[in-house]
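**Q** If you scroll down you'll find the structure; I have some questions about it.
The values are calculated or read from the model by the stated rules, or taken from the named source; none is laboratory data. Owing to the predicted nature of the structure, the values given are computational and were not obtained by experimental measurement. FYI the Cβ positions are ideal-geometry reconstructions off the backbone, even for glycines, and counts take in every protein chain you see. All accessible areas refer to the heavy atoms of the entire protein, side chains included, with ligands and DNA or RNA removed. Shrake-Rupley method; radii C 1.70, N 1.55, O 1.52, S 1.80 Å.
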Amino acid sequence: MAASTLTEVARLAGVSPATASRVLNGSARKPGKDIAERVRQAADSLGYIPNAQAQGLAKSSSGLIGLIVHDIADPYFAAIARGVQEAAREQRRMVLLATTGGAPGEEKEAVAAFAARRADSIVIAGSRSSRVEDREDNAELAAELDRYCRNGGQVAVVGHPVVGAEAPDGYHVVAVPNQELAADLAVELAARWDGDFVIIAGPEGLFTSDDRVRGFQDGLSRAGRGPAEVLRSSFNRDGGYQAGLQLAARIKADGPDGGGLGIFAVNDVMAIGAAAALRAEGLRIPRDARIAGFDDIETLRDFRPALSTVSLPLEDIGRLATRATAPRHDGDGQSPPPVTGRVTLRRSTEAAAG
């Protein structure tokens, strides 16, 4: 059955379509109480459903937040999304979700789609990239976001600013001290392990990965140690698994007198993948290798041996980003406070039993 139209509601109520719209779409210009009641009764009798975009135009606010993440199945992004959803619920707003695989071209398309639906604000969670292959898409994403902000939109980015974005107003960055926390982790691990370290990292040019690599190397230097070897792979669980296979072959070739390795994976899902590869090759943690990650995702509750990592308040990050982009009249919309984290050492980096 065809949906009822605003014109039909107005005809039944005996008013103009403009008056019916002011009643049903939330305009600040309100008709008299009797007229408004007549319009609502007509809408109820016809089963009329108000048009959300028309309501947004009438109110100058759609009540929508666009959320862009790399992969909602990744526990890191799922936790941030949960924080965004909780803050949106507090503000009586709804969340639209787009997953992009981390491609700035896909992010640009998501921004354009959210803007077309008059989203009040957009939250972007995911590493920025300076890779040559992303240069053109970065420029298009920046231009799309600049256009969105110039038209009154608010944007919060987790981690680093969007590459090339220049609009003076509307941008908020939830800064994460990845480099500093990775350095702290390296200092802690170097105090407990005198063997060699290897870093499993994402592709060069991913800002989050590169910050954590740089920080870990800084921490080793602070501890009086030489730099770790860096093994590049995909910035996900499968990338960690493939790197883990390479390291397993090296550990087995060195034999029981090789002393094993200290492994730092720049995110937890890579650490989980690497640990799975080591186990598949018959190696044990921490006997044959000590391993640490970064993020402290919820999945680690069930991971054995318990994984050493850097704990980030992921849900809080989502909440901070959402509140930073809230409409000014809601009392929020201010620059988010800095994020803090802490090193959390667990069984995966303890001294192996004899």
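**Q** Can you tell me the 0 to 90 degree angle between the C-alpha axis of helix 104-116 and the longest principal axis of the chain, rounded to 10?
**A** 20 degrees
**Q** In degrees between 0 and 90, to the nearest 10, how far off the longest principal axis of the chain does helix 268-280 point, with axes built from Cα atoms?
**A** It works out to around 40 degrees.
**Q** What ranking, highest mean first, results for peptides 123-130, 282-289 when packing means the other Cβ atoms within 10 Å averaged over each residue?
**A** Values: 123-130: 23.5, 282-289: 17.8.
Packing order, densest peptide first, comes out as 123-130, 282-289.
**Q** Using a 1.4 angstrom probe on heavy atoms only, work out the carbon and sulfur share of the accessible area of the chain in %.
**A** Working: 8050 of 16720 Å².
The computed percentage sits at 48.
**Q** Using the basic label-point model (7 angstrom from Cα toward the beta carbon), what is the GLU136 to GLU37 distance in nanometres?
**A** Label at GLU136, label at GLU37, 6.3 nm between them.
**Q** Per residue, how much accessible area does segment 170-306 show when a 1.4 Å probe rolls over the protein heavy atoms, in square angstrom?
**A** On the way: 5720 Å² over 137 residues.
Counting only protein heavy atoms, the per-residue value for segment 170-306 is 42 Å².
**Q** Which one, ASP34, ASP134, ASP296, has the greatest fluctuation when you compute a Gaussian network model over the chain with C-alpha springs under 10 angstrom?
**A** ASP34
**Q** Between ASP44 and ARG82, what's the calculated FRET efficiency when r is the beta-carbon distance and R0 is 45 Å? Round to 0.05. Let's see the in-between values first.
**A** Working: r = 36 Å, r/R0 = 0.79.
That pair, ASP44 with ARG82, gives E of 0.80.
**Q** Determine the calculated [θ] at 222 nm for the chain from helices alone, applying -39500 (n - 2.57) to every DSSP H run no shorter than 4 residues and normalising by the residue count; nearest 500 deg cm²/dmol. Kindly include the intermediate steps, with their values, before the conclusion.
**A** Numbers: 12 runs with 154 residues, N = 354.
Value at 222 nm, helices only: -13500 deg cm²/dmol.
**Q** Between ARG347 and MET94, with labels modelled 7 Å along Cα→Cβ, what's the label distance in nm to one decimal, could you check?
**A** In this crude spin-label approximation the distance works out to 4.6 nm.
**Q** Related question: Which whole-number percent is the relative contact order of the chain (Cα, under 8 Å, 6+ apart)? Numbers along the way, then the final one.
**A** Details: 717 pairs, mean separation 53.2, N = 354.
That works out to 15 percent.
**Q** Here is a follow-up. For the pair ASP169/ALA112, report the inter-label distance in nm, with labels modelled 7 Å from Cα in the Cβ direction.
**A** 2.6 nm
**Q** In addition: Cut-off 10 angstrom, C-alpha nodes, Gaussian network model of the chain. Which of ALA73, ALA119, ALA88 fluctuates the most?
**A** Looking only at ALA73, ALA119, ALA88, the largest GNM fluctuation is found for ALA73.
**Q** Here is a follow-up. Under 5 Å between amide H atoms, partner at least 5 residues away or on a different chain: which partners does THR344 have, H built in plane at 1.01 Å?
**A** Amide H to amide H, under 5 Å and 5 or more residues apart or across chains, THR344 pairs with THR309, VAL310, SER311.
**Q** Output the 0 to 90 degree angle, nearest 10, between the alpha-carbon long axis of helix 314-324 and the longest principal axis computed from the alpha carbons of the chain.
**A** Compared with the principal axis, the helix lies near 40 degrees.
**Q** Take the chain, connect every pair of alpha-carbon atoms lying under 10 Å apart with a spring to form a Gaussian network, then pick out the residue of SER233, SER45, SER308 with the largest mean-square fluctuation.
**A** Top of the fluctuation ranking is SER45.
**Q** What's the magnitude of the charge dipole for segment 89-141 around its Cα centre, counting Lys and Arg as +1 and Asp and Glu as -1 at the beta-carbon? Answer in Debye, nearest 20. Write out the running numbers ahead of the final one.
**A** Details: 9 positive and 10 negative charges, 82 e Å.
So the dipole magnitude of segment 89-141 works out to roughly 400 debye.
**Q** Still on this structure, please answer the following. Can you give the relative contact order of segment 86-228 as a percent, counting alpha carbon pairs under 8 Å and 6+ residues apart? Don't jump to the answer; show the numbers that get you there.
**A** On the way: 194 pairs, mean separation 29.8, N = 143.
For segment 86-228, the relative contact order is 21 percent.
**Q** Expressed as a rounded percentage, what relative contact order does segment 204-315 have, with Cα pairs under 8 Å and six or more residues apart?
**A** Working: 140 pairs, mean separation 24.2, N = 112.
Rounded, it is 22 percent for segment 204-315.
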